[in-house]
């Protein structure tokens with residue numbers, strides 16, 4: 001069990017956590033929610049012992065093992081992917097190394113025989129290793145790596161060769177193999193594809209410890225968490241239900257708070273009118289003083305500020321022809337040491353005006369490559385991708401932010417990309433994407449991943465287009481921002497082709513699905529639910 005009492009954390013004048021009370025009971029599955037910057041990561045760090053609170057206490061049952069997955073992978077070097085994950089098991093991994101050293105000496109006559117004390121030590125270690133299922137550690141690590149999309153062909157690959165996103169998966173695998181008593185997870189679904197998210201979901205359902213997690217994936221959060229903790233304006237509020245329950249209950253609580261606030265304000269107005277009316281009359285002096293003292297003793301209801309949210313509006317959408325893009329026999333191969341590696345071949349299909357096409361497929365199937373070819377950012381090995389008459393495309397890539405100039409301010413970057421817009425129009429666009437005041441003067445180099453994504457979306461959506469090609473537009477956006485973007489896309493009059501790992505997003509947006517499956521492009525003439533049913537992936 002974990003209990004936080006009166007936790008306060010401030011950075012200078014900015015109060016992040018104020019008198020936070022938090023209880024994690026045995027068997028809890030708690031979703032931690034709140035706007036970006038609310039202090040969720042700070043709370044995790046306090047629980048994990050990585051940060052000391054300015055005030056308050058953290059109490060935990062003796063011997064509790066805490067596993068904390070954060071967005072920082074730390075240094076990874078000198079091991080293979082499999083060794084790195086096994087090292088995450090902590091004590092059992094170290095026991096295995098010591099046993100291996102002793103066994104090596106026992107089997108090598110030249111190393112000298114073990115003494116009596118060493119033999120006794122060997123027996124103790126072996127008993128502990130058996131109790132902790134040490135002999136199954138390697139197979140568990142392999143299963144976790146495979147579930148997270150790193151197959152046997154990469155188990156022995158040095159971690160230095162993996163990109164940042166794949167290192168995040170290795171770091172996640174380390175924590176899972178630890179199998180802690182309390183698991184803290186800060187955005188575990190970032191950098192995961194749908195297959196890996198589904199696998200992780202099933203793993204966590206079977207996990208025997210307690211779980212506190214935050215995620216921008218609404219469906220993932222709803223399926224796993226039976227309680228919800230909201231962190232906003234430094235305060236933590238508990239809700240005895242999943243994310244959907246939290247949304248309903250939060251609105252009810254706010255309506256009740258507003259009603260109480262209005263009643264209190266009406267009472268104050270009445271008392272203040274009485275005081276002002278009779279303050280100068282000696283005959284009412286005692287009554288006036290009594291009212292003043294009573295007002296001073298009342299705890300005033302304070303309405304928390306409404307959290308900021310994006311306000312996405314598209315520029316006017318010019319009409320295109322009925323055929324937006326036609327794919328004919330499209331193929332793509334990459335050169336490799338063993339010859340050409342075929343990503344997909346013979347891809348044919350058509351996107352029509354009004355279509356909202358979800359492009360799906362396992363990791364590495366070529367989804368991003370296909371979108372790049374359609375957008376003209378990559379060449380096909382054979383075949384054609386032909387845009388229809390009057391089509392004006394907006395392309396968002398998960399790597400679009402790499403094209404931002406680090407030395408420019410946000411205002412300068414957007415102004416450069418919208419040369420015909422006035423200063424007022426640029427500021428209006430920036431305000432809609434939460435860049436107002438000093439935020440518009442931030443240098444691109446200091447922006448977070450989410451902020452860079454918002455800059456790119458602002459640049460793309462502010463110009464008139466009728467075909468949106470979107471590769472992971474929801475990455476780094478919080479749940480509220482994703483829902484606002486979803487609402488805007490549902491109102492968009494043009495065609496959409498999108499890759500996203502957010503199942504809630506796809507369920508509510510797509511009216512057709514293209515799947516890249518073993519190099520072939522398959523079309524499903526129905527929404528995302530229809531696709532899951534027909535493809536046999538209902539569990540997704």
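Global size of region 323-535: 18.0, 56 Å for Rg and Dmax (C-alpha atoms, Rg to one decimal, Dmax whole).
Quick check on the chain: take the gyration tensor over C-alpha atoms, sort the square-rooted eigenvalues as a ≥ b ≥ c, and tell me if it's rounded (a/c under 1.5), prolate or oblate. Oblate, since a/c reaches 1.5 and b/c is not below a/b.
Neighbour counts of C-beta atoms inside 10 Å place 311, 453 in the sequence 311, 453, starting with the fewest. Annotation for residue 416 and residue 382: the two label points, set 7 Å from Cα along the Cα-Cβ direction, are 4.1 nm apart. As a proxy for reagent exposure, ranking 223, 300 by other Cβ atoms within 10 Å from fewest up yields 300, 223. Centre-to-centre separation between the Cα atoms of region 468-511 and those of region 371-399: 19 Å. Shape class for region 14-74, computed from the alpha carbon gyration tensor (a ≥ b ≥ c): rounded, with a/c under 1.5. Here the extension length gained between residue 71 and residue 279 equals 68.8 nm, from 0.36 nm per residue of separation less the Cα-Cα distance. Were the residues from residue 272 through residue 293 laid out at 0.36 nm apart, the gain over their Cα-Cα distance would be 6.4 nm. Here the spin labels are modelled as points 7 Å beyond Cα on the Cα-Cβ line, and at residue 235 and residue 261 they lie 1.0 nm apart. The listed peptides 292-299, 21-28, 429-436, ordered by packing as a protection proxy, come out as 429-436, 21-28, 292-299 (highest mean of other Cβ atoms within 10 Å first). Annotation for region 9-84 versus region 103-172: alpha-carbon center distance of 28 Å. Over the residues of the chain, the helix contribution to mean residue ellipticity at 222 nm works out to -12000 deg cm²/dmol, using -39500 (n - 2.57) for each DSSP H run of at least 4. Label positions at residue 446 and residue 131, each projected 7 Å from the Cα along the C-beta direction, are separated by 5.2 nm. Just check region 45-103 against the gyration tensor rule for me: Cα atoms, a ≥ b ≥ c as the square roots of the eigenvalues, rounded for a/c under 1.5, and otherwise prolate or oblate depending on whether a/b exceeds b/c. It is oblate, given that a/c is not under 1.5 and a/b is not larger than b/c.
None of the figures in this text is laboratory data; all of them are computed from the coordinates on show. Nothing here was measured: the structure is a model prediction, and the numbers come from that model. As a convention, Cβ positions derive from the backbone with ideal geometry for all residues, glycine included, and neighbour counts pool all protein chains shown.
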